[in-house]
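For reference, the structure discussed in these notes is given below.
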Amino acid sequence: MEPSLLTRTIQKRPDKCKFEGRILFLTEDPELIRRQLAGEDLPWDTKNPQNNPKLRDDISTDEITPAHICFFFDEKLGEWPYTGLKCGNEVPIKRGDVKQGGFVAAVSGKRRGKGSSREQSPYAELCAGIKLVIAENIERIYKQNCQNLGVLTSTDFSLIDKVRGGEEIPLRKFTEGEDDITRQVIEYGGLFPFNVARMQKKVFLPPITTAKRPMTIAEKIFARHMMNAANEQGVSYVKPADSGFARTDLRFSHEYVTPMSAIFFEHFVGKDAKVNDPSTILFFRDHLTFLDEVISEEKKKMGLLDLAGQLKYKQEDFAAKQGIKLHGELKDRKGSEGICHSIVAEMYALPGQMNVGSDSHTPHVGAVGCIAFGIGTTDVFNSWITKDVRVKVPESVKVVVRGKRKPNVTAKDYILLLLSMEYIHSGKALAKVMEYSGEAIEALSVDERATMTNMAAEIGGFTGIVAPDQKTVEFLMERRGMSRTEAEKLCEGLYSDPDAQYAHVIELNADEITPMIATPGDPGNGKYIRDLHTPVPVEIAYGGTCTAGKNADMDMYAQVLSEALQSGKRVADSCKFYIQFGSQETREYCVRKGYLDIFKQAGATVIEPSCGACINAGPGVSTRSDQVVISAQNRNFPGRSGPGLMYLASPYTVAASAVAGYIVEFEPNGREATSSGIAMEKQGRK
């Protein structure tokens, strides 16, 4: 703890808030947005909402601050909020529009802030003048980032009239229903001032006194890590809504977040201050190593490529200064050591741990039976001070997948089916733990389980987890060199009690599931490939990212391409197929298995590890709005990976479609691929 923090003066917000400024309604109609930017205040009927224009639902953080905007990591972000917001086929908000419009509040529909954990989004809104966000419901990480920065959030649309009327609004309107810690974070105006007050023992930390009860695996891990009344790690039992601080085993961040966190740390704590226990912190250079190959000339002229380089240098300098391990760029060739989630799963995460990372896909490593969740910039830099993070124990949703999967069905198909379900699509699973179980899940490798836990982020869940078993033990023995005894000991007690309580139970039968796709715009737009009524030609196929760049994914690409070569086929002339490794370990695995020769012979382009195309920063991105892409990545939000039309699918489907030249199911062992019930042969249409 820095001595200066103990003497710093910290004040709470006033008991009443007054918002002086206009309200920006983020509607589906681009013309209505343009009229607001031109100075018109839209009428809003709070009592008769059916009279109001339709608000945009599912506004992702990719739309609030597109990936290239996140190269900025200071107040300049205030020039850019909502510049990726798509309304119909238009993007009506341009640089500086929000800041110049004098807006103090922004209003939207369901699932505000879905997607990436990037705190640049609410920070951009704050720097543009937005002090209040109102939406029907709000994603967990985005909401927490708002609270950490001091941006107020609400689902109460009656506040619109109060803001417009210049009324003072009691602060309790924004703290009602929140746990004691979140309430105080809001009252102190953000996480850092709250934590300073916490160090000065000025805040109330509610003790966890939950009586003996059956617990889920997630609750058991939370209980092991929650700080108790004596400020020591561990309590006997927890239940959903218990709140407090949890001691982390591992904290990691990548180059999109580390520089902004470092600037916050140096500004608020001190330039010479030291982080708490650097041996449990990891940095990664994994997002932007191929950016120069795809960034447009227009963005280069804006200086964005140079800005992206500054992210790298700031992270390197801070890592060296603090003695933090950095998994960086390769020395002998272009690319990185690996994507943060891939490396953490392969080298670091252990059953029963609590890990946090600066990325919404941090739940990836829940595949080994640990709790792992994404946090924003402010949470990251605060965790460098305290080594813990604030949490409210979430409810769990149990997903049971029974039966035996078909040979061409994968974990990606399971998750795309889940994402299409009303319970999840409507936001009912927001901020909940997704616990995957059942014989079909148990049959999956740890790599495939990671696809399920990784895409808990697309569900909007707190995290995803699979109880460790013998496959986990074998994974730890193979990847970490552990003895069976060591690995089995780590897994002891990590299971849900038979009578544990769940918010909801979803049951699927693997026997009934066939290959899925998600149509462009949202991962929740899932449908069976056989329900496509006409073949969909594809120009780009992409296999990679944390979700689909693992060893098991490479097995799938290799199987499809190997069978294609045996049949005298290769990647269609009309399609470019990119395969990108998630880590160097996976690349070496492909070398050992002879996959690189298969990929090359089949006409695929192999790329060194990086997030790459998934964040519009590497080969595989679209360049035209009419360009169709099929990708094994985890998100297809508008503009995330270029302007084209992106379909999400499994590695099997992506590779088979690259060979066919249009979206098809993969039929292993020489059977013909099918699309919308039409048999296909060779590389042309029948």
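Quick note: the coordinates plus some simple rules give every number you see, no bench work behind them. What you see is a predicted model; the values in this text were computed from it and never measured. We place every Cβ from the backbone using ideal geometry, glycine too, and count neighbours over all the protein chains shown.
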Given [x] 29.8, 102; [y] 24.3, 77; [z] 29.8, 108 as possible values of Rg and Dmax of the Cα atoms in Å, the one from the coordinates is [y]
By Cβ neighbour count within 10 Å, fewest first, V628, V393, V294 rank V294, V628, V393
Ranked on Cβ counts within 10 Å of their own Cβ, fewest leading, T362, T386 go T386, T362
With 0.36 nm assigned to each residue of separation and the Cα-Cα distance removed, E507 to E178 gains 115.3 nm
Going through K54/K412; K12/K173; K110/K550; K143/K432; K18/K47; K212/K412 one by one, the pairs whose alpha carbons sit over 26 Å apart turn out to be K54/K412; K110/K550; K212/K412
Per the rule of 0.36 nm per residue minus the C-alpha distance, extending R484 to K527 adds in nm 11.3 nm
Most exposed first, judged by fewest Cβ atoms within 10 angstrom, D626, D359 run D626, D359
Per residue, the convex hull enclosing the Cα atoms of the range 26-66 spans a volume in Å³ of 85
Expected vector for the range 421-427, Karplus 3J(HN,Hα) from phi with 6.51, -1.76, 1.60 and θ = phi - 60°, integer Hz, x for Gly and Pro, equals 6, 4, 4, 7, 4, 7, x
Once phi for every residue in the range 15-27 is put through the Karplus expression 6.51 cos²θ - 1.76 cosθ + 1.60 (θ = phi - 60°), the whole-Hz ³J(HN,Hα) values, with Gly and Pro written as x, are 5, 10, 10, 10, 9, 9, x, 8, 10, 9, 8, 8, 9
Everything considered on the Cα gyration tensor (a ≥ b ≥ c; rounded for a/c under 1.5, else prolate if a/b is larger than b/c, else oblate), the range 135-230 must be described as prolate
Taking a ≥ b ≥ c as the square roots of the eigenvalues of the Cα gyration tensor, with a/c under 1.5 meaning rounded and otherwise prolate when a/b exceeds b/c and oblate if not, the range 516-679 is oblate
Rounded to one decimal in nm, the spacing of the 7 Å Cα→Cβ label points at E442 and D497 is 2.2
For the table K201/K325; K404/K527; K527/K576; K300/K321; K99/K312; K131/K274, the rows whose alpha-carbon distance is greater than 26 Å are K201/K325; K300/K321; K99/K312; K131/K274
Heads up, the range 19-167 by the C-alpha gyration tensor (a ≥ b ≥ c square roots of eigenvalues; a/c under 1.5 rounded, else a/b over b/c prolate, else oblate) looks rounded
